[in-house]
Amino acid sequence: MPKTEYKTKTIHKKWPQVLLGGVAIILLLCLLGLQVYGKYALTEAISDKTPKNVKLTYDDLDINILLGSVEFHNLNLKTLNEITEKIEILATAEFLKITDVAYWPLYKDKRFEADNIEVKNAKITTYKEDTGDVHFSVDELSFNISDVKTDKEMLQNKIPFNYETLDAELQELYLDLSRFESLKVASLSFKENNLKFEDLSIASKYDKESLSKRLTVERDYVDFKVPQGNFEALELGTAKDSFAVSVERFNLNNSELHLYRNKLIADDLQ
């Protein structure tokens, strides 16, 4: 009889531990189920919402329901012209992470809010619709942007989102300015609203002789080079529905500008 009482007391003492253990297992299984379902639902949503002229692939997708984070690995993006099916944009990224997504605003107001968005080693190239030539390209783009907010209305603006801070680095930027000039930057960094760059050039695409053969009216041959430069307290914004940039101070170190105009070519009277 005493032995039976001892076993009963032992079972009663262990019962809370067994109950807590069972609850913990159930919660763990529920969380695991949410993780699996969340990954499946996000994968399906990306597939269903992606336009037909956009091809988006990635090697792996990690999702953390508790932390509200999403990670994409080895992203590849291609957009095609809907009519000609020519390539308009090619983009790749080694890593994309969105941290601390706010679920309630997303569900209630369709407003996206995230604590941080991080991209590593992205490469972007855009192409001209008429010729297929490169219009813009950048290599090794990495950035962190904090406290990001956007919604349907913001997406219509020149800057389609609000943010708190932006840090970015890139290599080998190219921008086609016109039929005859282009801009190149070897490296650029933006941190705490200060922008620094190295080896910036705005130059004619052709040498003087080749340029003259292509012109029907006068136009300057341009060769502008800046080995190093920086812009302090640079702010991005909008003014009267236009994109605006303000700078408190800037420095262009050891810059050189060479201009040449062939006066044998007819004047531009427009």
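Please treat every number below as a calculation from the coordinates, not as lab data. Just so it is clear, the model here is predicted, and its values are computed rather than measured. Neighbour counts are summed over all protein chains in view; Cβ atoms, including those assigned to glycine, are modelled from backbone coordinates with ideal geometry.
Structure summary
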quantity	calculated
Contour minus Cα-Cα distance for Ser242 and Asp147 (0.36 nm per residue)	31.9 nm
Estimated distance in nm for a label pair at Ser189 and Lys55, the labels positioned 7 Å out from Cα along Cα-to-Cβ	3.6
Signed unit charges on C-beta, dipole axis of region 156-239, positive-most listed residue Ile202, Ser178, Ser212	Ser212
Relative contact order of region 53-169, defined on C-alpha pairs under 8 angstrom at six or more residues apart (%)	18
Rounded if a/c under 1.5, otherwise prolate or oblate - region 146-204, Cα gyration tensor axes	oblate
Estimated FRET transfer efficiency when R0 is 45 angstrom, pair Asp109-Ser255 (beta carbons, to 0.05)	0.40
Val217-Phe136 FRET efficiency (beta carbon distance; Förster radius 30 Å; 0.05 resolution)	0.65
Pairwise FRET efficiency - Asp268 versus Asn121, Cβ, R0 = 30 Å, nearest 0.05	0.10
Dipole moment magnitude, nearest 20 debye, region 197-245 about Cα centre, only Lys, Arg, Asp, Glu C-beta charged	340
Relative contact order (%) - region 177-270, alpha-carbon pairs under 8 angstrom, separation at least six	28
Fewest-first ranking of Phe136, Phe112, using other Cβ atoms within 10 Å as the exposure measure	Phe136, Phe112
